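Here's the structure we're looking at; comments come further down.
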Amino acid sequence: MRAVTRTLLLCSTLTLVSLFMVSDNVFAQEMTMKEYKIQLQEWADREMAAKDGIAKLDADIESVKAQVAAVEGQTSDTWSEIYAAIGVSEADVNAYRDELNGLGRDLNALGALAPEDLWKRRKEIDDIDAKLAELKGSRIYSLSEMRDLAASLEGKIAQLRAKMPKGMYDEYTVLRGDYLWRIAKKSDIYNDPFAWIRIYSYNREQIKEADMIYPDQIFKIHRENSPNEYLVGSGDNLSNIAGSMDVLGDPTKWRELYELNKDAIGDEPSLIYPHQVIKIPSN
């Protein structure tokens, strides 16, 4: 009997616990649904606010576009007036700008060369310089943009010229009837016939015998010394040249100079002459 009673009490207790658990689950589910609906409403409100904001931004963008278009129209009208004032068209200005930019690209390409290679192509720099001077004669050059571009190109030209080796030479094409004495005597060469040996020593790779030169040979006309050259002066000898601090700084090293210039000096090291260009060892 007692066992039956305990069983009934246990069943009653379990039933009550189950009822409470079901009641709690239903309550929890109802709260979750409410929270979801609240959250959903918040998202809907935020979406609406965002759409309103986007619509306002779109309106602002259209307004700015209209202002930009108005300014561009005014700017275009102003430039048209400027072009008319100097008597050119927009196409003329664009073509002029393209020419300047083309010169800039050519100068950039030359700027990538080594100094020695740049010296060999110095005529291209001269041609660009001449073309720039020609363009500066145009009425379009009066525009500030073009003046700035031209100034930039002039700066690049100056940099390229500064990059060239200090040892410089001109070129001379031998004419029929020329000989070294006559060439050296010309006013645009050395204006001194005795300077013929300067041409001879500077072009030994072409001139085997001083009295044997030929039309259409192209000689280098020495103008300034490069770091490995020395122009012999009156009273010079290999010993005092070697002793110069700009050369070897030691007169006893004269033989180094002789060996380096033996083909030009000959078998007698004491016989060197003013106007000879001799090589000196690189540092």
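FYI, it's all coordinate maths here, none of it is from the lab. For clarity, every value in this text was computed on a predicted model and none was experimentally measured. Cβ sites come from the backbone with ideal geometry, for glycine too, and all protein chains shown count toward neighbours.
Only one of the listed values, (1) 1, 6, 13, 18, 20, 18, 13, 7, 3, 1, 0, 0; (2) 1, 5, 10, 13, 14, 14, 12, 10, 7, 5, 4, 2, 1, 1, 0, 0; (3) 1, 4, 7, 8, 7, 7, 7, 6, 5, 5, 4, 4, 3, 3, 3, 3, 3, 3, 3, 2, 2, 2, 2, 2, 2, 1, 1, 1, 1, 0, 0, was derived from the coordinates as P(r) over Cα pairs in 5 Å bins from 0, in percent; which label is it?
For P(r) over Cα pairs in 5 Å bins from 0, in percent, the calculated option is (3).
What residue among Lys120, Lys34, Lys51 has the largest mean-square fluctuation in a Gaussian network model of the chain, using Cα springs under 10 Å?
Judging by the Gaussian network model, the answer is Lys34.
Taking 8 Å as the Cα distance limit and 6 or more residues as the minimum spacing, I'd like the relative contact order of segment 23-172 as a percentage.
Computed value for segment 23-172: 23 percent relative contact order.
Which entries of Lys163/Lys262; Lys186/Lys253; Lys208/Lys279 show an alpha-carbon separation above 27 angstrom in the structure shown?
Flagged as over cut-off: Lys163/Lys262; Lys186/Lys253.
Percent relative contact order of the chain, based on C-alpha pairs within less than 8 angstrom and at least six residues apart?
12 percent
In segment 169-283, if the dipole is taken from +1 on Lys/Arg beta carbons and -1 on Asp/Glu beta carbons about the Cα centre, which of Leu271, Gly249, Tyr190 is farthest to the positive end?
Farthest towards the positive end: Tyr190.
For Ile280, list long-range residues whose amide hydrogen, built 1.01 Å from N in the peptide plane, is under 5 Å from its own amide hydrogen.
The answer is Glu229, Tyr230.
Hey, for a label at Asn191 modelled as a point 7 Å past Cα toward Cβ, could you say which residues of segment 240-283 have their backbone N under 19 Å away?
Residues 275 qualify, since their backbone N sits under 19 Å from the label point.
Please list the radius of gyration and Dmax for segment 156-229, considering alpha-carbon atoms only, with Å as the unit.
13.6, 43
What does the charge count near Asp170 come to, summing +1 for each Lys or Arg and -1 for each Asp or Glu among other residues with Cβ under 9 Å from its Cβ? List each step's numbers first, then the result.
Values: positive: Lys220, Arg223; negative: Glu171, Asp188.
Every neighbour counted, the sum reads 0.
At 0.36 nm per residue, and after removing the present C-alpha to C-alpha distance, how many nm does the segment from Asp170 to Ser142 gain when stretched out fully?
6.5 nm
For segment 188-275, what is the relative contact order in percent, using Cα pairs closer than 8 Å and at least 6 residues apart in sequence?
The normalised contact order for segment 188-275 reaches 28 percent.
From Cα coordinates alone, what are the radius of gyration and Dmax values for segment 59-140 in angstrom?
That works out to 20.0, 63 Å for Rg and Dmax.
Helix-only mean residue ellipticity at 222 nm, the chain, DSSP H runs n ≥ 4 weighted -39,500 (n - 2.57), per residue, nearest 500. What is it?
For the chain, the value works out to -21000 deg cm²/dmol.
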